[in-house]
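Okay, structure first, notes after.
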Amino acid sequence: MLRELLYQDPWTAAIILALIAVVSALIVHYVGGGLLRRTFTFAPVIHSVLVATEASAGFAMPLIALQAVWEALPSSLFPRMPAVRHANAVLMIAALTWLAMAAVSGLAQGLIKRHSTESRDNLRARRIETQARVLSRSAMVLIGIAGAAIALMTFPAARAVGTSLLASAGVLGVVAGLAARPIFSNLFAGMQIAVTQPIRMGDVLIIKGEWGTVEEITGTYVVLRIWDERRLIIPLNWFIENPFENWTRTGSDLYGTVILHVDHATPIDVLRAQARKIVEASPHWDRKGFAVQVQNMTERSLEVRVLMSATDSGQLWDLRCQMREQMLAFLARELPHCLPRVRVDDRRQGDASSPPP
């Protein structure tokens, strides 16, 4: 029946075949996709990819089915069929590009969910999260560029223009390279950061005197959340070309110090005992490191360093503040004479008992 209709009214038959193909593709998509998502609930990575590609696959599968229908129809009965095939092919390339980008994004999200960063000792999880985010965004940029290039190459006029410009490709390459230098420098910097990992998601950094936590790593910049909730936006290539401090490069455990300036007559053993009492009573101390030492002596005071450790930068900050406050209160209450003092010799120069100047 369809064959007879194809020769009697070709476009009506083509539309009927196209509707059958689209409906069949949508049924396969929704039924098959639902079954796959339920089947792979035990595999978070695969399930995340299936969820992320649900919408894009809903566009790609009908377009693929339509392309198969248009290719199967004889061109002799459809003078305008080449234009229809070309338009459908461009849409199909766009849908497949979207599908590939969504699959990469879903893969990255699945890897991130599989390795939680909620625990304190989350160095490996933060490493995987950083690699997944940076590499997935770099891959999505490359997929988008490749998809746009393939779609443009389907236009004969674009191929002709490309052939005519081949003679001046050297000059155009230089110009394009200079124009796209910031884009590609950040892209390559992102790949280098993902592989070598000088920074990771959740790392504590000090950049130009600002203390903050890496909140987001995109394909072109890093968002640093400052302690006062400000956000510092830094290009990716800056981390390759400039030095910075990373407090959590090899682990989240940190050591911090509190410097006390006291008088020369201060009993250090008493200070050490009080500092130990404070640190042992603090919930912020991880019981790994503690010391009280005189690190310097000037003509006016002693510099006493209290060294202590904590599980992360937040705990260390609170521990240092607690130690500083309680030690100052102890000195003012118990040893006020040990606070730094300036001694002045008020004896007159003419006094024979006074030493020569």
**Item:** Estimated FRET transfer efficiency when R0 is 51 angstrom, pair H264-K113 (beta carbons, to 0.05)
**Value:** 0.30
**Complete:** Whole-percent carbon and sulfur contribution to the accessible surface of the stretch 203-246 (1.4 Å, no ligands, DNA or RNA) stands at 53
**Asked** Calculated FRET efficiency, W211 and E325, Cβ-Cβ r, R0 25 Å, to nearest 0.05?
**Response** 0.80
**Prompt:** Straight-line reach from K288: which lysines have a Cα under 27 Å away, not including same-chain ones fewer than 8 places off?
**Reply:** K277
**Item:** Cα-projected label distance for V84 with A55, points at 7 Å along beta-carbon direction, nm
**Value:** 3.0
**For V222, residues with placed amide H under 5 Å, excluding near neighbours** = I234, L236
**Asked** Between D318 and I240, what length comes free when the chain is fully extended (0.36 nm per residue of separation minus the Cα-Cα distance, one decimal in nm)?
**Response** 24.9 nm
**Complete:** Looks like the stretch 254-335, by Cα gyration tensor root eigenvalues a ≥ b ≥ c and the a/c under 1.5 rounded cutoff (else prolate when a/b is bigger than b/c, oblate otherwise), is prolate
**Message:** Using the basic label-point model (7 angstrom from Cα toward the beta carbon), what is the D228 to V195 distance in nanometres?
**Reply:** 4.0
**Request:** Might you work out the accessible area of V45 for me, using a 1.4 Å probe with all protein chains in place, and round it to the nearest 10 Å²?
**Result:** 20
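The values are calculated or read from the model by the stated rules, or taken from the named source; none is laboratory data. Because the structure is predicted, anything quoted here is derived from the model rather than measured. FYI the Cβ positions are ideal-geometry reconstructions off the backbone, even for glycines, and counts take in every protein chain you see. Surface areas here come from the heavy atoms of the whole protein model, side chains and all, with no ligands, DNA or RNA. Shrake-Rupley method; radii C 1.70, N 1.55, O 1.52, S 1.80 Å.
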